[in-house]
Amino acid sequence: MRKLFFILFFLSFCAGKAQAPEKWSSTEIYNHIKKLNFLGSVLYIAAHPDDENTRLISYFSNEKNARTAYLSLTRGDGGQNLIGPELREQLGLIRTQELLAARRIDGGKQFFTRANDFGYSKTPAETLEIWNKKEVLSDVVWIIRKFRPDVIINRFDHRTPGSTHGHHTSSAMLSVEAFELSGEKSAYDSQLEYLEAYQPKRLFFNTSPWFYGGDEAFQEADKSNFISFDTGTYFPLHGLSNPEIASLSRSQHRSQGFGSTGSRGKQMEYLELLKGDLPSKDSGIFDGIDTSWNRVENGKAIGEILKDVEENFNFEKPSEHLPQLLEAYKLIQDLEDDHWKKIKTEEIKEIIYAASGLYLEAVAQKAFATPSEELQVKLEAINRSDEKIQLAAVELTPNNSKIEPQANLSNNEGWNNSMIFRIPETAEYTTPYWLNKPGDIGMYAVKDQKLRGLPETPLHTKANFRIRMNDTEINFQKPVVYKFNDEVYGETYKNFEIIPAITLHFKEDVLIFNNAEAKEIMVQVTANKPNITGELNLKAGEGWQIEPVKTNFTIAQSGGNANLLFKITPPEAQNETSLMPEAKVEGKIYTEKLVEIDYDHFPDQNIITPASLKLVKLDIKKKGQNIAYIEGAGDVVPESLEQIGYNVTKIPPSSISLNSLKNFDAVVLGIRAYNVVEELKFKQKTLLEYVKQGGTMIVQYNTSRGLLLDNLSPYNLELSRDRVTEENSEVNFLSPEHPVLNTPNKLTSADFKGWVQERGLYFPDSWDEHFTPILSMHDKNETPKNGSLLIAKYGEGYYIYTGISFFRQFPEAVPGAFRLFANLISIGK
C-alpha cells in the first residue's frame with residue numbers, strides 16, 4: 001500500500017500540464033486534514049524565482065502543516081533562458097509558472113510584487129533607485145497584511161549591501177522595513193479599504209555557512225540569537241524525504257538549469273532572529289503562538305471535531321467522515337474572524353469534495369472563444385460515496401447562464417448535461433494582468449490594488465456547482481476547461497481562453513535593413529471566429545514607405561489565416577521606427593498579437609499584447625557571408641545575423657569536422673555552449689584546428705561554474721564573475737587601431753549608445769599575452785574591466801572570446817552591437 005501512496009504522490013507532482021483536475025488519494029486527504037487543524041503561517045521573502053529555499057518551504061508546509069508562502073519580489077524577467085529563446089516579459093511569465101509548479105510540489109503559495117527584474121544589479125542603492133522603492137515596499141506591506149504571517153523569513157542578509165546581487169539585499173531590506181510598517185495604520189493607509197493592518201510576531205534571516213564564507217567561520221560565529229532544526233524529515237505516507245520533495249520542487253526551475261538531485265538524512269537549517277522575541281529552541285518558530293483552533297473565537301468546537309477526524313481517519317473510506325466535516329464546515333461559517341474563516345472555508349471545502357468522491361467538470365467545445373461568442377459547455381457531476389448529495393444548480397460566469405437541475409446524485413451514477421456559454425462583449429482577454437499596461441524599466445503597471453501580489457490573472461471563466469449535502473449547501477467553483485484525447489498522452493486538458501476575434505502576427509519582431517533596398521514582409525491575420533471580412537493597414541514613422549497602404553482580407557473559417565504582403569522601403573539614413581498594424585472588421589479595430597508559450601512542465605500560456613514590428617535601417621558593412629552556429633543555452637543570435645544578410649547554418653555538435661567547417665567564414669558558439677553542450681568536450685580539438693588553418697571562431701559568454709572542459713581557448717583564459725551592468729557605462733578603446741574597431745565599420749563611442757540591460761557578463765579577468773583586449777568598461781565606482789572582448793591570432797586564423805551581451809542587444813536591434821559583430825566576423829578577410 002505504501003508503494004501505491006508513493007506512486008500517486010509522485011504522479012501528482014510530475015503530471016506536467018497542470019490544467020488536469022486534482023484527484024486526491026486518501027493520503028492526500030489525510031494530509032490536508034492535518035493542515036486544516038493548524039492555524040499558523042510563514043512567509044519566505046527573496047528577490048527572484050529560484051532564490052527560495054524549497055527545503056524550508058516544504059518543511060513548514062509538510063512537516064509543520066503551516067500555511068507557507070514565498071514572496072518573490074520579481075518574476076525573474078532579467079535572467080537567461082536555458083530552455084528556449086524567450087527573454088524579458090516572456091521569460092518572466094515562464095519563471096512565474098515554474099514557481100507555481102514548484103509550489104504545487106512543496107505545498108507553498110506564491111506571491112510577487114510589481115518590481116521588474118531589470119537585470120543584475122551590484123548594489124541595493126542602484127536597485128531601489130531603478131525600482132520605485134516606495135511602491136515595491138507598499139507591495140511587500142500589502143502581501144504581509146493579506147497573508148498575515150506569524151513569522152517572516154528572509155533569504156538574504158539586509159546588513160551586507162554590495163556582497164551579493166543588489167536585488168537580493170534589497171529584498172531583505174524591504175522585508176525588514178515592511179515588518180514594522182505593516183502593523184502601522186498610518187502606513188499605506190489606502191490599503192485599509194480592503195484589509196486591516198497586521199503585525200507579524202517574528203522576523204528571521206535564513207543564514208548558513210555560505211553567508212560566513214565557509215563551515216569553519218560559521219562554526220565560530222555567535223549563535224546565541226539562532227534557532228536550528230533538522231529538515232531532513234522522512235514522510236512514510238509519501239515514501240519521500242523532505243529534501244527529496246524539495247529537490248522535485250527546485251527542479252521545476254528548468255529555464256535556469258536548476259535541476260536538483262534529492263537527498264536523504266539530516267539537513268540542518270539555521271534562522272537568525274532579527275525582530276521579535278527569540279523562541280525556545282525546542283518549541284521552534286511558533287513558540288508562544290496558538291496554532292490550534294483555540295486561536296479563533298468559537299473555534300474550540302471546530303478543533304474538537306476535526307481532531308477526532310484526524311486521529312481516527314479511515315483511509316479505506318474517507319466518506320465516513322463527511323457528517324463531521326459538514327458539521328465543522330457549518331461552524332466555520334459562523335466565525336467572526338474573517339481571515340481564518342475565508343482560509344479554512346476553502347480548505348475544508350476541498351476536503352469535503354475529495355472525501356465524498358465528488359467529480360465536477362465543465363468542458364468547453366473548443367479551447368478558446370471571442371467576446372460576444374456562444375459555445376456549448378458540457379457538464380459532468382458524479383458522487384462516489386453513500387452520502388446523499390443533490391446538484392441544485394450550475395451557473396456559468398462571466399455571463400451568469402444558469403440551470404437548476406435539482407438532481408439527486410446516487411453513488412457512482414453520473415449526471416451529464418450541457419449549457420450554452422455566452423461570452424459577454426465586454427469580456428476581458430486571457431492574458432497576464434501585469435502586462436496589460438506598459439510599465440517601465442523597474443516596475444510593472446498594475447492599477448488595481450486587489451491584483452497586486454497575485455501570481456497570475458484570477459480565473460474569469462468558471463462554473464459554479466451548487467451542491468446540497470445533508471441540508472448543507474456548498475458552492476464548488478470549477479474552471480471551464482477544454483479537454484481532448486491525445487493519441488499518445490490520452491486525456492489531455494488545456495486552459496480555456498478568451499482571445500480577440502482577430503490577431504495579427506509578424507514573422508519577426510525586428511526587421512533590419514542594411515541598405516536602401518526594399519524588403520517584403522508578411523502580416524498573418526488569424527480569424528478566431530468564422531466569416532471574417534476586413535481591411536488591414538500599416539503605419540510607420542516618417543521616411544518609411546509602405547506599399548500598399550491598406551489591403552482587404554476575407555477568412556471563412558475560425559482558425560484560418562490570411563497572409564498579406566507589403567513592401568517596406570527604408571529611409572536613406574540610419575533610422576528606426578515601429579510598424580503598427582490595424583485590422584478593421586465591422587467598424588472595430590484590432591491591433592493585438594497572440595503569443596503562445598508551450599512547455600511540458602506548466603500549463604500553456606497566452607500573452608495578448610499590441611502587435612508591432614521594429615524597423616531598423618542600419619549603416620553597416622560586412623565581409624564574409626557564411627556562418628556556422630553551434631547553439632548553446634538558447635538565443636536569437638542566428639536569426640539576428642540572418643537579418644543583416646548572413647547565411648547562417650545551425651550545425652549539430654555531432655557533425656563538427658574540419659571538412660564540415662571549411663566553407664564557413666566564421667564559427668560562432670551560442671551563449672553558455674561550454675556549460676550545456678556535452679559533446680563540445682570531444683569537438684574542441686577540431687574547432688581549434690579549424691582556427692589554426694585560417695578560420696574565425698567567436699565564443700560568446702560562459703560561466704566559470706559548470707564548464708565542461710578546461711581549455712576554452714588555444715591559450716590560457718580564466719573566466720571570472722566580472723560584469724558591467726550599467727548599459728550606458730562609458731566604453732573606452734584599448735586598441736583603437738585594431739582592425740576589429742575599424743573595418744569594415746569604423747566604430748565610435750556612438751556605437752555604444754542605446755544598449756539595453758547590461759554591457760556584458762562573466763568577463764575573463766586573466767588571459768595569455770597572445771590575446772589583445774579591445775574594450776575597457778566599468779560600472780560606477782568600480783575598476784576598469786578589460787576582458788569583455790579578447791582577440792588572439794592562432795595559426796592562420798582568429799580566436800575571439802566575448803562576454804558582451806549580444807544576445808540581449810540583437811533582439812532590441814541595437815545598431816552598434818550589429819556593427820561590432822559584423823567586424824568580428826570580418827576580421828582577417
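Since every read-out is calculated from the coordinates, none of them should be taken as a lab result. Just so it is clear, the structure is predicted and the values come from calculations on it, not from any experiment. With ideal geometry, Cβ positions are generated from the backbone for all residues, glycine too; neighbour counts draw on all protein chains shown.
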Which of Asp117, Asp486 has the fewest Cβ neighbours within 10 Å, and the rest in rising order:
Asp486, Asp117
So for the chain, averaging the separation of alpha carbon pairs under 8 Å that are six or more residues apart and normalising by length, what relative contact order in percent results?
9 percent
Karplus (6.51, -1.76, 1.60) ³J(HN,Hα), θ = phi - 60°, over the stretch 715-723, in Hz, Gly and Pro reported as x
10, 4, 8, 10, 7, 9, 9, 4, 7
What residues have an amide H closer than 5 Å to that of Phe421, excluding those fewer than 5 places away on the same chain, when H is modeled at 1.01 Å from N in the peptide plane?
Leu375, Gln376, Val377
Count neighbours as other Cβ atoms within 10 Å of each site's Cβ, and list the trypsin sites (Lys or Arg not before Pro) in the stretch 727-782 that are DSSP loop with at most 16 such neighbours.
Lys746, Lys753, Lys780
Counting only residues 5 or more places away or on other chains, whose amide H sits under 5 Å from the amide H of Ser788 once H atoms are built in the peptide plane?
Leu775
Of Ser418, Asn31, Met580, farthest towards positive along the dipole that unit charges on Lys, Arg, Asp, Glu beta carbons give the chain:
Met580
When only C-alpha pairs under 8 Å and at least 6 residues apart count, what is the relative contact order of the stretch 681-829, in percent?
33 percent
Under 18 Å from Lys593, Cα to Cα: lysines that are on another chain or at least 8 residues apart:
Lys437, Lys507, Lys529, Lys539, Lys584, Lys614
Dipole of the stretch 626-826, Cα-centred, from +1 at each Lys and Arg C-beta and -1 at each Asp and Glu C-beta, to the nearest 20 debye?
240 debye
Show me, for the stretch 778-784, the HN-Hα J-couplings you get by feeding each phi into the Karplus relation (A = 6.51, B = -1.76, C = 1.60, θ = phi - 60°), rounded to Hz, glycine and proline as x.
6, 7, 4, 6, 10, 6, x
Along its three principal axes, how long is the chain when you only count alpha carbons? Whole Å, largest extent first please.
85, 76, 55
Report the one residue of Ile352, Leu240, Tyr701 whose Cα lies farthest in the direction of the positive end of the charge dipole of the chain (charges on C-beta: Lys and Arg +1, Asp and Glu -1; origin at the Cα centre).
Tyr701
Positive-end residue, the stretch 25-120 charge dipole about Cα centroid, Cβ charges, pick of Gly119, Asn81, Pro49:
Pro49
Per the Kirkwood formula on distinct C-alpha pairs, the Rh of the stretch 626-826 is how many angstrom?
16.8 Å
Work out from phi, with θ = phi - 60° and the Karplus expression 6.51 cos²θ - 1.76 cosθ + 1.60, the ³J(HN,Hα) of each residue of the stretch 672-686, listed in order in whole Hz, and give x for Gly and Pro.
6, 4, 7, 9, 10, 9, 4, 5, 5, 4, 9, 10, 4, 4, 5
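With +1 on each Lys and Arg Cβ and -1 on each Asp and Glu Cβ, and nothing else charged, work out how big the dipole of the chain is about its Cα centre, in Debye to the nearest 20.
Once rounded to the nearest 20, the dipole reads 960 debye.
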Among the GluC sites (Glu not before Pro) in the stretch 521-596, which ones are in a DSSP loop with at most 12 other Cβ atoms within 10 Å of the Cβ? Mind listing them?
Glu542, Glu572, Glu586
Do the sum for the chain: with -39,500 (n - 2.57) for every DSSP H run of n ≥ 4, divided by all residues, what is the mean residue ellipticity at 222 nm, to the nearest 500 deg cm²/dmol?
-6500 deg cm²/dmol
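So which GluC sites (Glu not before Pro) in the stretch 286-336 are both in a DSSP loop and have at most 16 other Cβ atoms within 10 Å of their Cβ?
The qualifying sites are Glu297, Glu316, Glu336.
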Normalised contact order of the stretch 514-640, rounded percent, pairs of Cα under 8 Å and 6 or more residues apart
26 percent
Once amide H atoms are built 1.01 Å from N in the peptide plane, which residues 5 or more positions from Asp77, or in another chain, come under 5 Å H to H?
Asp117
